[in-house]
Amino acid sequence: MQSRVVMLVDLDYFFAQCEELRNPSIKDRPIVVCVYSGRTEDSGAVSTANYIAREYGVKSGMPIFLAKKKLESANSVFLPVDYVFYEEISGQVMDTLKGFADHFEQVGIDEAYLDVTQRANGSFEEGQKLAVSLKSEVLRRQKLTCSIGVAPNKIVAKIAADTKKPDGLTVVTPEQVTVFLAPLPVSRLIGVGTKTRERMQALGINTIFDLSNYDMQKLIAVFGKTLAMYFHDASLGMDDELVQERGEATSISRISTLKHDSRVLSFILEKADQLCDEIHATIAKDRIEYKTIGIIVITTDMSVHTRSKTLENPTDSLETLKGTAKELLEKFLYQTEYEARRIGVKISNFAREQKNQTQLTSFIKGSKG
Ligand code: TTP
Ligand code: MG
């Protein structure tokens with residue numbers, strides 16, 4: 001049987017790389033992106049850090065004050081998380097990745113599995129070439145680096161992607177799987193967290209090789225049948241789980257850059273109307289109705305602003321879409337002094353008619369969130 005060719009693509013130091021993108025002048029400094037709890041100036045945790053900051057020992061989850069201490073004399077930059085911005089970038093990257101996949105499954109804001117078996121003709125050499133062109137396409141279009149693992153299944157692809165970072169590419173062919181996994185600590189397997197690792201350690205299981213050789217009955221006695229079988233198969237690099245889009249998108253949006261920065265309503269509306277037309281055309285054939293209409297305004301300083309309005313009844317009227325977008329943009333310009341650089345329109349809060357359920361599901365599955 002032909003082996004599958006599966007990739008896991010994981011963007012490097014994602015939130016911090018997004019910050020470098022909007023402000024390239026900080027690229028050579030340690031960057032720490034933080035979730036501030038707001039209690040005191042420095043309370044909260046590190047979300048992520050660029051690789052320069054990681055050299056000083058800064059890690060995701062670390063208290064902010066500790067990261068500051070480690071970077072005391074390092075000319076570092078501490079920034080608050082800006083999820084809206086990261087999600088917009090993530091959406092763009094995911095669109096690029098989809099173009100490389102037979103089957104696509106996003107698993108986090110900066111991670112996705114791609115099944116490329118068909119287009120690689122089952123060949124890992126071809127799979128590697130695809131990964132190389134995917135990396136250069138993401139670099140060209142989104143100016144971001146990522147790390148990729150190519151393997152016969154999801155479990156091994158994930159471990160492979162983690163092997164070399166940042167900007168890494170690790171290919172593990174079916175013949176190489178067991179040798180690749182054997183020396184690694186069990187904690188590298190998905191599903192083996194601190195607690196499980198400690199329980200395994202107590203049984204004398206440290207490496208994935210140890211796990212693959214461990215007596216199955218004893219493993220079942222400790223972890224139960226389902227988990228034990230999963231661990232056993234995973235330790236041998238066996239995994240049949242398919243790469244498939246999961247869940248449904250909860251919104252559809254279109255974003256575009258204005259010809260020049262502006263706060264002139266009529267000029268901004270030309271673009272907004274176009275985006276409304278695009279959204280309307282995309283959903284018209286599937287008869288989707290929605291209750292919430294939103295706008296996204298990315299201003300000259302690259303900050304992201306959103307406004308939305310929820311209607312009383314679901315609509316699919318282009319007139320309502322354009323009218324509401326106009327109302328929201330007008331209000332935004334009136335309330336703020338920003339100049340708009342990019343404009344977006346978003347619909348969400350879908351109402352679904354029972355008879356169109358399948359059609360709707362299949363449509364939304366293929367669309368951008
Ligand atoms: P990861 O892919 O785990 O981390 P990363 O992209 O920052 O670094 P790399 O892949 O190069 O090792 O997570 C993706 C994003 O999720 C990350 O940029 C920030 C966020 N995140 C948190 O907010 N808290 C966390 O504890 C982790 C691990 C990630
Ligand atoms: Mg990442």
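For this structure, a couple of remarks:
- Filtered residue count, the stretch 194-218, keeping only those that are open to solvent by less than 30 Å² (accessible area, probe 1.4 Å), in contact with a strand residue (DSSP E or B) (Cβ under 9 Å, 6 or more places away or on another chain) and in a loop (DSSP other than H, G, I, E, B): 0
- Restricting attention to the stretch 152-178, the residues being over 17 Å from Arg4 (Cβ atoms) and either open to solvent by less than 10 Å² (accessible area, probe 1.4 Å) or assigned to a loop (DSSP other than H, G, I, E, B) (or both) number 5.
- Checking each residue in the stretch 93-125 for being away from ligand 1 (no atom under 16 Å from the Cβ), buried (at least 16 other Cβ atoms within 10 Å of the Cβ) and of a type in the set (Asp, Glu) picks out only Asp115.
- Any hit, the stretch 53-60, residues being within 11 Å of ligand 1 (Cβ to nearest atom), modelled with pLDDT of 95 or more and outside any loop (DSSP other than H, G, I, E, B): yes
- Restricting attention to the stretch 326-344 and to residues that are of a type in the set (D, E, K, R) and in a helix (DSSP H, G or I), the residue that is most open to solvent (accessible area, probe 1.4 Å) turns out to be Lys331.
- Leading residue by the ranking (farthest from ligand 1 (Cβ to nearest atom)) among those in the stretch 133-151 that are more than 17 Å from the chain's Cα centre (by Cα) and open to solvent by less than 80 Å² (accessible area, probe 1.4 Å): Ser133
- Qualifying residue in the stretch 36-50 (condition: part of a strand (DSSP E or B), within 15 Å of ligand 1 (Cβ to nearest atom), farther than 30 Å from Val171 by Cα and under 19 Å from the mean Cα position of the chain (by Cα)): yes
- Only one entry in Phe85, Phe78, Phe100, Phe104 is in a helix (DSSP H, G or I) and more than 14 Å from ligand 2 (Cβ to nearest atom), namely Phe85.
- The stretch 46-62 residues that are at positive phi, paired with ones that are of a type in the set (Val, Ile, Thr) and away from ligand 2 (no atom under 12 Å from the Cβ) (beta carbon under 7 Å, 6 or more apart): Gly61/Val46
- Criterion (farther than 30 Å from Val84 by Cα and exposed (fewer than 14 other Cβ atoms within 10 Å of the Cβ)) met by exactly one of Gly224, Gly191, Gly237: Gly224
- Tally, over the stretch 71-87, of residues that are open to solvent by less than 50 Å² (accessible area, probe 1.4 Å) and either in contact with a Cys (Cβ under 9 Å, 6 or more places away or on another chain) or under 27 Å from Ala151 (Cβ atoms) (or both): 6
- Odd one out for Gly149, checked against (1) more than 26 Å from Leu189 (Cβ to Cβ); (2) touching a Ser or Thr at 6+ places or on another chain (Cβ under 7 Å); (3) among the small types (Gly, Ala, Ser): (1)
- Evaluation of Asp95 against (1) within 21 Å of the chain's Cα centre (by Cα); (2) within 16 Å of ligand 2 (Cβ to nearest atom); (3) outside any loop (DSSP other than H, G, I, E, B) (one fails), failing number: (2)
- Single residue of Arg22, Arg4, Arg39, Arg29 found to be touching a residue at least 40 places away in the same chain (Cβ under 8 Å), open to solvent by 70 Å² or more (accessible area, probe 1.4 Å) and either over 27 Å from Val93 (Cβ atoms) or not β-branched (Val, Ile, Thr) (or both): Arg29
- Only one of the numbered conditions (1) of a type in the set (Gly, Ala, Ser); (2) under 18 Å from Met302 (Cβ atoms); (3) more than 9 Å from ligand 1 (Cβ to nearest atom) is violated by Ala16, and that is (3).
The values are calculated or read from the model by the stated rules, or taken from the named source; none is laboratory data. Please read these numbers as outputs of a predicted model, since none were measured by experiment. With ideal geometry, Cβ positions are generated from the backbone for all residues, glycine too; neighbour counts draw on all protein chains shown. Protein only, heavy atoms only, side chains kept; ligands, DNA and RNA dropped before computing areas. Shrake-Rupley method; radii C 1.70, N 1.55, O 1.52, S 1.80 Å.
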